[in-house]
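K.L.:
This structure is in structure tokens; I'll ask about it shortly.
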Amino acid sequence: MFRRIQGRTKFLWLPVLTSTTFTKGDVVGWDQDETTPAGKIIRMRFDTLTLNVVGVIRHTIAATDSDYATARLVEVEVPTETNVVWEADVTSGLVAADRGKFQDIEAYATSGDAGTVDRGASVRDHVQCVKVVSTTKGHFILNAGINGFGAVGAA
């Protein structure tokens, strides 16, 4: 789960891809996949382009929710300044040498989730580590939107 530690954010109500589960604290981004409706929020995953990162979803959406399959807006916390710091769980083995490195959101499609950083992956570079809290928790900056670090890992 991503939780803001430092910096300014605001809450935006954005359209969500229907029939998709989310866990509070998941990193979300714009769905730009040609096989599904574009312009909706999805959980970030290992193959989501860095340029699509938006922010962190504020509420869990479960398949049992009454509006699960309904087109609607959801609350997303988005950075309003560069270098907003978020605390997040890490797959394992985070060390001091990881500070400054870019890492991916865990591959939820293969049992991971959008609220965990994959310490061993740096393909899409969704986040940058700025502090090691423990081997399984760190502080990160989202590589998000126009305040992100550009197209790092987006190719």
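K.L.:
Using 1/(1 + (r/R0)^6) with R0 = 25 angstrom and r between the beta carbons of HIS59 and THR135, what's the FRET efficiency to the nearest 0.05?
P.N.:
FRET efficiency, HIS59 to THR135: 0.30.
K.L.:
If R0 is 41 Å, what FRET efficiency do you get for VAL123 and ARG3 from their C-beta distance, rounded to 0.05? List each step's numbers first, then the result.
P.N.:
Values: r = 25 Å, r/R0 = 0.60.
Between VAL123 and ARG3 the formula returns 0.95.
K.L.:
Let me ask another. How much length would be gained if the chain were fully extended between LEU12 and LYS24, taking 0.36 nm per residue of separation minus their Cα-Cα distance, in nm to one decimal? Working shown, then result.
P.N.:
Details: separation 12, 0.36 × 12 = 4.32 nm, distance 1.49 nm.
2.8 nm is the gain from fully extending LEU12 to LYS24.
K.L.:
Let me ask something else about it. Taking the Cβ of each residue in ILE42, ILE105 as the centre, tally the other Cβ atoms inside 10 Å and list the residues starting with the fewest. Mind showing how you got there, number by number?
P.N.:
Working: ILE42 21, ILE105 31.
Least to most surrounded, the residues fall as ILE42, ILE105.
K.L.:
Over its Cα atoms, what ratio of radius of gyration to 2.2 N^0.38 Å does region 6-147 give?
P.N.:
Details: Rg = 14.5 Å, N = 142, 2.2 N^0.38 = 14.5 Å.
Computed over Cα atoms of region 6-147, the ratio equals 1.00.
K.L.:
Mind listing the long-range amide H neighbours of VAL16? Cut-off is under 5 Å, sequence gap 5 or more, other chains count too, H placed in the peptide plane at 1.01 Å from N.
P.N.:
Under 5 Å from the amide H of VAL16: ILE41, ARG72, VAL74.
None of the figures in this text is laboratory data; all of them are computed from the coordinates on show. Here the structure is a predicted model, which is why all the values come from computation and not from measurement. Positions of Cβ are backbone-derived with ideal geometry, glycine not excepted, and every protein chain shown enters the neighbour counts.
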